[in-house]
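So that we are looking at the same thing, I have put the structure below in structure tokens.
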Amino acid sequence: MVQPRATRALRTTALTAATALALSLGLPSATATARSAPSAPGVPSVTSAPQASSNPHALSAPSVSPTSSAQTDNARPGDIVASSPTSFHPLPGQPTRTRAWHMEYRSTTAKGTPNVVSGTVIVPDDGRTGPRPLVTYAVGTVGLADTCAPSAGFPKGTTVEANLIQQLTARGWAVAVTDYEGLGTPGEHTYTVGRAEGQAVLDAARAAQRLPGAVRAGVTQDSPVGIMGYSQGGQASGWAAELHRTYAPELKVKGTATGGVPADLLKVADFNNGNIGAGLILMAAVGQDAAFPELDLAKYLNDKGRHYVGFMKKNCVAVDAIAGAFKKISDVTVKNPLYEADWRQRLRESDLGTRRPDAPVFLYHGTLDELIPYGVGKQLRADWCAKGAEVRWAPIPLGEHVVGAVAGAVPAADWLADRFAGKPAHGNCG
């Protein structure tokens, strides 16, 4: 358990990240960098990093050569396809006592076919060699372009949730961070497709346990595993919690800390239609269409919608959120796909609360969340409790979306520390 002084220091670190987290978690409050990008209709020209066709950051020669296929005869989900050293910086140039590796690893799509996903493993450089806790961490919304991938920003100190991840490595824990399907690897990002996200999160933990450098630093099959994420990462971590028993039962998962969870995409879309988070609806439609091309998003878009989709695929969330804020679905479509049976079915397939997590859950949500309704979080708690899960529900009074992420980070990590220590979880379903 972290001592009170250390806890206060970690909380201070978290609070300094509040403004930066607004970018990662879907609020329009900053600009991107690199080259000028064309503006969306009615949006001033902004700057944006160029989109890469695969992994966007330059790394040293991989220590494991990539294969041309997502699967070979003996391939397993979590197997390493390629890896190479990288670095982890919460802020530009900020040193950390860590070692890090970029990796490409095998996972599974929402349709059950093999794919390759990228990510990063970060381990404290503390000389420890015995089994240490491993957190598989799911970031909030970053965008649709490859340049938005968390692994692209870690070496430059521009991945904003690195400030929260640093709190975990400061405890001596290793952290595996997935980029999700289609960010940093070929194909489009399957944003908000729950099953694909959850499998990528679990396979990141498997990959970390098979990465030779991480293994030598204490990340082993005996490591207790925690799952953690907020916002999109809350969806991904919630799905990982629900899938663990059937998809990756060998992982020694001790608990899941998940917050700001978009557990019901249709309710979240209805809530954001015409509001500040409206751009996230179109991003989610792009992600669903990437996973399920038969949905044929293109036939529903008008000229403005097609322009926005092209724009969003080239930019990250801060820019995309500005472009899409306060738009209505009717502004970008000739017909609302969310009223169609095939779209509703696929969106319902990403609902959480239909399976019981087999390890305890710490579930938190801001009572004034302006992007993901507080009632959606309460319903997820009720659904999991009804199925017999051990849930610790932690509302954040007066917390909006970013405040929820920052205010909940240290309590969530403290809760995971107790699970790693073998203490009772003491859920509050009753």
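The values are calculated or read from the model by the stated rules, or taken from the named source; none is laboratory data. Worth saying up front: this structure is predicted, and the values here are computed from it rather than measured. With ideal geometry, Cβ positions are generated from the backbone for all residues, glycine too; neighbour counts draw on all protein chains shown. All accessible areas refer to the heavy atoms of the entire protein, side chains included, with ligands and DNA or RNA removed. Shrake-Rupley method; radii C 1.70, N 1.55, O 1.52, S 1.80 Å.
Tally up the residues in segment 142-166 that are over 17 Å from PRO90 (Cα atoms) and in contact with a Phe, Trp or Tyr (Cβ under 8 Å, 6 or more places away or on another chain), please.
Number of matching residues: 1.
For THR129, indicate whether it is modelled with pLDDT under 95, open to solvent by 10 Å² or more (accessible area, probe 1.4 Å) and of a type in the set (Val, Ile, Thr).
yes
Conditions (1) more than 18 Å from LEU380 (Cβ to Cβ); (2) under 17 Å from the mean Cα position of the chain (by Cα), marked per residue:
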| residue | (1), (2) |
| --- | --- |
| GLN221 | yes, no |
| SER237 | no, yes |
| VAL253 | yes, no |
| ALA257 | no, yes |
| ASN272 | no, no |
| PHE292 | yes, no |
| ALA323 | yes, no |
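Right, next: Pull out all pairs, ordered by first then second residue, where Cβ-Cβ is under 9 Å, the residues are six or more apart or on different chains, the first lies in segment 370-398 and is under 15 Å from LEU265 (Cα atoms), and the second is among the acidic types (Asp, Glu) and crowded, with 20+ Cβ neighbours inside 10 Å.
These pairs meet every condition: PRO373/ASP264; VAL376/ASP264; VAL376/ASP369; GLY377/ASP369; GLN379/ASP264; LEU380/ASP264.
Does any residue in segment 77-93 that is farther than 19 Å from LEU164 by Cβ and in a strand (DSSP E or B) come within less than 7 Å, Cβ to Cβ, of a residue that is small (Gly, Ala, Ser) and open to solvent by 30 Å² or more (accessible area, probe 1.4 Å) six or more places away or on a different chain, and which pairs are these?
As it stands, the answer is ALA82/SER65; SER83/SER63; SER84/SER60; SER84/ALA61; SER84/SER63; PRO85/SER60, since those pairs meet every condition given.
Still on this structure, please answer the following. Cβ contacts < 8 Å: first residue charged (D, E, K, R), restricted to segment 191-205; second residue open to solvent by 10 Å² or more (accessible area, probe 1.4 Å), any location; separation 6+ or different chain. Result?
What qualifies is ARG195/ALA110; ARG195/GLU349; GLU197/GLU181; ASP203/PRO77; ASP203/ARG106; ASP203/THR108.
Identify, by number, the condition in (1) in contact with a Lys or Arg (Cβ under 6 Å, 6 or more places away or on another chain); (2) part of a helix (DSSP H, G or I); (3) not basic (Lys, Arg) that LEU243 doesn't meet.
Single failed check for LEU243: (1).
Right, here's the next one. Of GLY375, GLY366, which residue is more than 26 Å from LEU134 (Cα to Cα), surrounded by fewer than 17 Cβ atoms within 10 Å (Cβ to Cβ) and within 22 Å of the chain's Cα centre (by Cα)?
Exactly one of GLY375, GLY366 is more than 26 Å from LEU134 (Cα to Cα), surrounded by fewer than 17 Cβ atoms within 10 Å (Cβ to Cβ) and within 22 Å of the chain's Cα centre (by Cα), namely GLY375.
Looking only at segment 391-406, how many residues end up being more than 16 Å from GLY233 (Cα to Cα) and under 22 Å from the mean Cα position of the chain (by Cα)?
Initially, segment 391-406 is screened for residues more than 16 Å from GLY233 (Cα to Cα), giving 391-400.
Then drop every residue that is not under 22 Å from the mean Cα position of the chain (by Cα), which leaves 391-396, 399-400.
Qualifying residue count, segment 391-406: 8.
So which of ALA263, ALA269, ALA290, ALA257 is buried (at least 20 other Cβ atoms within 10 Å of the Cβ), assigned to a helix (DSSP H, G or I), touching a residue at least 12 places away in the same chain (Cβ under 8 Å) and touching a helix residue (DSSP H, G or I) at 6+ places or on another chain (Cβ under 8 Å)?
Going through ALA263, ALA269, ALA290, ALA257 in turn, just one is buried (at least 20 other Cβ atoms within 10 Å of the Cβ), assigned to a helix (DSSP H, G or I), touching a residue at least 12 places away in the same chain (Cβ under 8 Å) and touching a helix residue (DSSP H, G or I) at 6+ places or on another chain (Cβ under 8 Å): ALA269.
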